Amino acid sequence: MTTIPATIVDDFLENPNQIEEWALSLEYNPDPEGNWPGKRSKNLKELNFPFFNYLKEKVISLFYDTQPLHSDCDMFFQLIENYTDTGWIHQDFGNFASILYLSNPKENCGTTLYKLKKFFPFVNKEEYNFRLKRLEHHQKGFINKTDSNLKKTYEKNNFKKILEVPSKFNRLFCFSSEHFHSANNFSSLNSPLRLTLFMNFYNISHIRPFPIIRSKQTLMI
């Protein structure tokens, strides 16, 4: 279900340099199974609840005049260094996701949205092998030429690009969680660090429907 329109907000934070400095001082850990690349901080809800709550409400206010009756959010800094190649197309769970770019590499390390060219069952041998290659890439930070070409072919055959958002320091990008998406690049040799603040919103309960659903409702005058 599409919940929100894809939304870009530049100069989102009033003090991005301070937040970047704080983020780089934190402890980061990789996912042992390689479900995501690089390393993540602890949930900001645990590290700094006032900032977590402020940022959560600030993002939600882009789509609602009032705060929801209930909402959950996972919020992490994610640090990716010296990874080769582009990200892997995937979906996130929940209602919508937000990415705040806190580094400004020379290459485009932003995010691209995709849609399926045609429906196909994801529980098959090709998809299983695709997932194994993705986990291996996330764990090692490197992908060989053969696997990189297989990745490109698989994605070209199954997905169509619908929106590419370049990375820019202090740019916020929000999109519905149903969208397939990937990182345009993990990092570059000239600027090997990609720092983002990732937010995943879910279990949102509001007296009004999600923005996209509201836009499709017929208004009786």
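At-a-glance table
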read-out: Label-zone membership for segment 69-113, site residue 57, 7 angstrom Cα→C-beta point, backbone N under 20 Å; value: 69-76, 98
read-out: For the chain, built as a Gaussian network whose Cα springs stay under 10 Å, the top-fluctuating residue of 20, 127, 155; value: 127
read-out: Built amide H within the under 5 Å cut-off of residue 180, gap 5+; value: 114
read-out: Prolate/oblate/rounded label for the chain (Cα gyration tensor, a/c 1.5); value: oblate
read-out: For segment 59-119 and segment 138-152, distance of Cα centres in Å; value: 22
read-out: Within a Gaussian network of the chain (alpha carbon springs, distance under 10 Å), most fluctuating of 18, 67, 91; value: 18
read-out: Cα-based shape type of segment 140-183, given that a ≥ b ≥ c are square roots of the gyration tensor eigenvalues and the cut on a/c is 1.5; value: oblate
read-out: Gain on full stretching of the segment that runs from residue 202 to residue 49 - 0.36 nm per residue minus C-alpha separation; value: 53.3 nm
read-out: Kyte-Doolittle at least -0.5, axis length at least 15 Å by Cα - qualifying DSSP helices, the chain; value: 49-60
read-out: Inter-probe distance in nm under a simple model that places probes 7 Å from Cα toward Cβ, at residue 17 and residue 72; value: 3.9
read-out: Mean separation of Cα contacts under 8 Å (6+ apart) over length of the chain, as relative contact order %; value: 41
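Throughout, read-outs are computed from the coordinates displayed, never taken from laboratory work. None of the values given here were measured: they were computed from a predicted structure. So basically every Cβ, Gly included, is an ideal-geometry build from the backbone, and we count neighbours across all protein chains shown.
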